Amino acid sequence: MSAESPVEWRLAKAKVAASKPVFRSNLHEARLDKRPGLRFCGVVATPDLEKIVERLNDLQGRGVIGLHAIGGAFAFIFYAEPIETLDLDIFTDLSMGAGGLISLDRLYSDLRSLGYEAVGDAILIEGFPVQILPEPTPLVHEAVAEARTVQVGKQTTRVFTPEHAIAVALQTNRAKDRLKIEHLLESGREPLDEKRLEVILLNHGLEERWKKFLAGRG
């Protein structure tokens with residue numbers, strides 16, 4: 001599949017009709033994998049991903065957020081079997097406020113005017129928690145810039161490539177991030193571009209961490 005050409009958003013297993021987010025205690029189809037910490041499920045609750053994407057595209061079109069892309073668990077869901085996730089991570093270029101700090105004031109004000117409320121670190125958009133996050137590292141900035149274009153119903157959005165999803169998770173390097181990488185390697189629906197991954201890891205100083213990760217797989 002080409003990064004330039006829209007592809008079908010393959011989340012048929014990951015969509016359910018719901019008016020509210022479904023959290024861990026309500027996921028009846030979830031099962032624990034043999035590796036502690038990662039839960040697989042027959043469905044990942046998504047009230048209406050197409051409407052969420054439409055709202056995000058509208059925010060970008062009006063300059064509230066910059067170029068954005070889906071990262072986090074949903075990036076892994078796109079390329080592998082569904083896993084449980086409680087929110088949707090969107091990485092974007094956000095404007096600077098006074099003192100050179102990133103300001104979320106306009107974003108939150110805009111979304112509140114549309115009836116969306118903040119819950120913790122997320123914003124409930126169409127009933128599902130969405131985290132709209134700045135690009136914290138050059139790697140994440142690159143992942144957004146080189147994200148793959150995909151189709152969600154009638155809407156177009158962008159998602160981290162599998163190689164960037166792995167690299168970003170490796171950079172964050174929490175236990176749950178390493179489990180997501182393992183999950184993608186085991187259940188990915190398309191082969192990784194190993195040469196591209198190698199270049200990304202080399203450019204961002206992650207090659208030794210990757211070697212250690214692979215060695216730990218046994």
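The rows are residues; the columns are (1) under 23 Å from Arg148 (Cβ atoms); (2) more than 20 Å from the chain's Cα centre (by Cα); (3) at pLDDT 85 or above; (4) hydrophobic (A, V, I, L, M, F, W, C).
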{"site": "Gly66", "(1), (2), (3), (4)": "yes, no, yes, no"}
{"site": "Ala69", "(1), (2), (3), (4)": "yes, no, yes, yes"}
{"site": "Gly72", "(1), (2), (3), (4)": "yes, no, yes, no"}
{"site": "Thr85", "(1), (2), (3), (4)": "yes, no, yes, no"}
{"site": "Leu88", "(1), (2), (3), (4)": "yes, no, yes, yes"}
{"site": "Phe91", "(1), (2), (3), (4)": "yes, no, yes, yes"}
{"site": "Gly97", "(1), (2), (3), (4)": "no, yes, no, no"}
{"site": "Gly100", "(1), (2), (3), (4)": "no, yes, no, no"}
{"site": "Glu117", "(1), (2), (3), (4)": "no, yes, yes, no"}
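Taking into account only those residues within the stretch 182-206 that are within 17 Å of the chain's Cα centre (by Cα) and crowded, with 20+ Cβ neighbours inside 10 Å, which is farthest from Glu84 (Cα to Cα)?
Among them, the one singled out is Leu184.
Kindly provide the set of residues from the stretch 151-201 that are among the polar types (S, T, N, Q), free of Cβ contacts under 8 Å to residues at least 40 places away in the same chain and farther than 30 Å from Asp58 by Cα, ordered by number. Explain how you work it out, then say what you get.
Of all residues in the stretch 151-201, those among the polar types (S, T, N, Q) come to 151, 155-157, 161, 171-173, 187.
Right, trim to free of Cβ contacts under 8 Å to residues at least 40 places away in the same chain and you get 171-173.
Gln171, Asn173 - these are the residues of the stretch 151-201 that are among the polar types (S, T, N, Q), free of Cβ contacts under 8 Å to residues at least 40 places away in the same chain and farther than 30 Å from Asp58 by Cα.
For Lys180, indicate whether it is part of a helix (DSSP H, G or I), over 27 Å from Gly66 (Cβ atoms), at pLDDT 95 or above and of a type outside the set (Ser, Thr, Tyr). Give the derivation first.
On the way: part of a helix (DSSP H, G or I): yes; over 27 Å from Gly66 (Cβ atoms): no; at pLDDT 95 or above: yes; of a type outside the set (Ser, Thr, Tyr): yes.
So Lys180 fails the test.
Can you tell me which residue in the stretch 153-180 is nearest to Leu49 (Cα to Cα), limited to those that are crowded, with 20+ Cβ neighbours inside 10 Å and of a type in the set (Val, Ile, Thr)?
Looking at residues that are crowded, with 20+ Cβ neighbours inside 10 Å and of a type in the set (Val, Ile, Thr), I get Thr157.
Check off (1) of a type in the set (A, V, I, L, M, F, W, C); (2) under 18 Å from Phe76 (Cβ atoms); (3) not in a strand (DSSP E or B) for Leu202 and give me the number that stays unchecked.
For Leu202, the exception is condition (2).
List the number of the failed condition for Arg39; all other conditions in (1) over 21 Å from Thr172 (Cβ atoms); (2) at pLDDT below 80; (3) touching a strand residue (DSSP E or B) at 6+ places or on another chain (Cβ under 7 Å) hold.
Every listed condition holds for Arg39 apart from (1).
The values are calculated or read from the model by the stated rules, or taken from the named source; none is laboratory data. These numbers come from a predicted model, not from an experiment. Note: ideal-geometry Cβ built from the backbone for every residue, glycine included; neighbour counts use all protein chains shown.
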